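Heads up, the thing below is written out as structure tokens.
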Amino acid sequence: MDKSKRAAVLAGNWKMNKTPAQAAELLDAIIPAVKDADCTVICCTPFVDLSVAVEKCKGTNVKIGAQNCHFKESGAYTGEVAANMLTEMGVEYVIIGHSERRQYFGETDETVNLRTKAALAAGLKVIICVGEMLDERENGVFEDIVGRQTKIALLGIDKAELKNIIIAYEPVWAIGTGKTATAEQAGEACGYIRSVVAKLYDNEAAEGLTIQYGGSMNPGNAAELLAQKDVDGGLIGGASLKAPDFKALVEAASK
Ligand code: 13P
């Protein structure tokens, strides 16, 4: 299967930005701007914006995602949100294991796996984030790190479930820094992740998997990154908060 047969997916990760009123305003600008997209378009908003976002995007081609969910169905987990709470609201996607969760909130490869399984069981599609730190790249161990993150995230997950999984390669040193991985680095890392998935499952599974690049992707560098044969889309932070930039990225990801 070649790249053109895989789903191209452009997702915005709004991180901790936009109040519900601001989210409504941004979506009012995004929805008409991306209506002709020839790729899957997702906006992952803060929890408190999800309700307004789902409502706004009904009947449009913009899908809504959350930025995390817990691995238990319910219980004494103050401050957490369960996967079935999201599906009941009409949320379709969830980001799991973003490096900011790993860095600041104690997310581990093991909890990424648990959260992913819970999200899939509830019917969500999952964007699993992996990526190395700068020193890990400089020390030549990025494959070990990204390989381990990928393998543990997918532990116990059947091949049939992979259709509901996207992997986002986000080198931590490129996130919010303005320092983008070169197209070659992004392509090489996404290709490596695909080879790990091929070993875990088989070639068919690996060839069908959408793998995104994330980290300072913007309208100026997107075309080159997205031209890489193993880069099937993007997970966008800063540029997803500006409708004209997001539109340009969606156009770059469209086939
Ligand atoms: P930036 O695009 O702001 O670098 O963020 C990338 C990211 O972390 C998306 O999840």
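The values are calculated or read from the model by the stated rules, or taken from the named source; none is laboratory data. Note that the structure is a prediction, hence the values are computed from the model and not measured. Positions of Cβ are generated from backbone atoms using ideal geometry, with glycine treated the same way; all protein chains shown enter the neighbour counts.
When you scan the stretch 190-205, do you find a residue that is in contact (Cβ under 8 Å) with a residue 60 or more places away in the chain, over 25 Å from residue 246 (Cα atoms) and not aliphatic (A, V, I, L, M), even just one? If you could, list the steps in order and put the result at the bottom.
Step one: list which residues in the stretch 190-205 are in contact (Cβ under 8 Å) with a residue 60 or more places away in the chain, which gives 193, 204.
Adding the requirement that they be over 25 Å from residue 246 (Cα atoms) leaves 193, 204.
Checking the rest, the ones that are also not aliphatic (A, V, I, L, M) come to 204.
Yes, the stretch 190-205 contains a residue that is in contact (Cβ under 8 Å) with a residue 60 or more places away in the chain, over 25 Å from residue 246 (Cα atoms) and not aliphatic (A, V, I, L, M).
Could you run through the stretch 127-150 and say how many residues are surrounded by fewer than 16 Cβ atoms within 10 Å (Cβ to Cβ) and at negative phi?
To start, the set of residues in the stretch 127-150 that are surrounded by fewer than 16 Cβ atoms within 10 Å (Cβ to Cβ) comprises 134-135, 138-141, 144, 148.
Now restrict to residues that are at negative phi: 134-135, 138-139, 141, 144, 148.
Count: 7.
Could you tell me which of the residues 45, 78, 19 is without any contact (Cβ under 8 Å) to a residue 12 or more places away in the chain and of a type in the set (S, T, N, Q)?
Values: 45 fails: without any contact (Cβ under 8 Å) to a residue 12 or more places away in the chain; 19 fails: without any contact (Cβ under 8 Å) to a residue 12 or more places away in the chain.
Selected residue: 78, the only one of 45, 78, 19 that is without any contact (Cβ under 8 Å) to a residue 12 or more places away in the chain and of a type in the set (S, T, N, Q).
Mind checking whether some residue in the stretch 194-204 is modelled with pLDDT of 95 or more, among the small types (Gly, Ala, Ser) and surrounded by 20 or more Cβ atoms within 10 Å (Cβ to Cβ)?
To start, the set of residues in the stretch 194-204 that are modelled with pLDDT of 95 or more comprises 194-204.
Of the ones still in play, those that are also among the small types (Gly, Ala, Ser) are 195, 198.
Next, only the ones that are surrounded by 20 or more Cβ atoms within 10 Å (Cβ to Cβ) stay: none.
No; the residues of the stretch 194-204 include none that is modelled with pLDDT of 95 or more, among the small types (Gly, Ala, Ser) and surrounded by 20 or more Cβ atoms within 10 Å (Cβ to Cβ).
Name the single residue that is surrounded by the most Cβ atoms within 10 Å (Cβ to Cβ) among those in the stretch 14-31 being outside any helix (DSSP H, G or I) and polar (S, T, N, Q).
Let us first name the residues in the stretch 14-31 that are outside any helix (DSSP H, G or I), namely 14-19.
Filter again for polar (S, T, N, Q), leaving 17, 19.
Numbers: 17: 16, 19: 12.
That would be 17.
I'd like the full set of residues that are away from the ligand (no atom under 16 Å from the Cβ) and under 27 Å from residue 211 (Cβ atoms), limited to the stretch 1-29. Outline the logic, then answer.
Step one: of the stretch 1-29, the residues away from the ligand (no atom under 16 Å from the Cβ) are 1-8, 19-25, 27-29.
1, 2, 3, 4, 5, 6, 7, 8, 27 - these are the residues of the stretch 1-29 that are away from the ligand (no atom under 16 Å from the Cβ) and under 27 Å from residue 211 (Cβ atoms).
Inside the stretch 228-240, can you point out the residues that are out of contact with any helix residue (DSSP H, G or I) (no Cβ under 7 Å at 6 or more places or on another chain) and either in a helix (DSSP H, G or I) or more than 10 Å from the ligand (Cβ to nearest atom) (or both)?
Narrowing the stretch 228-240 to residues out of contact with any helix residue (DSSP H, G or I) (no Cβ under 7 Å at 6 or more places or on another chain): 235, 237-238.
Within the stretch 228-240, just 238 meets the criteria.
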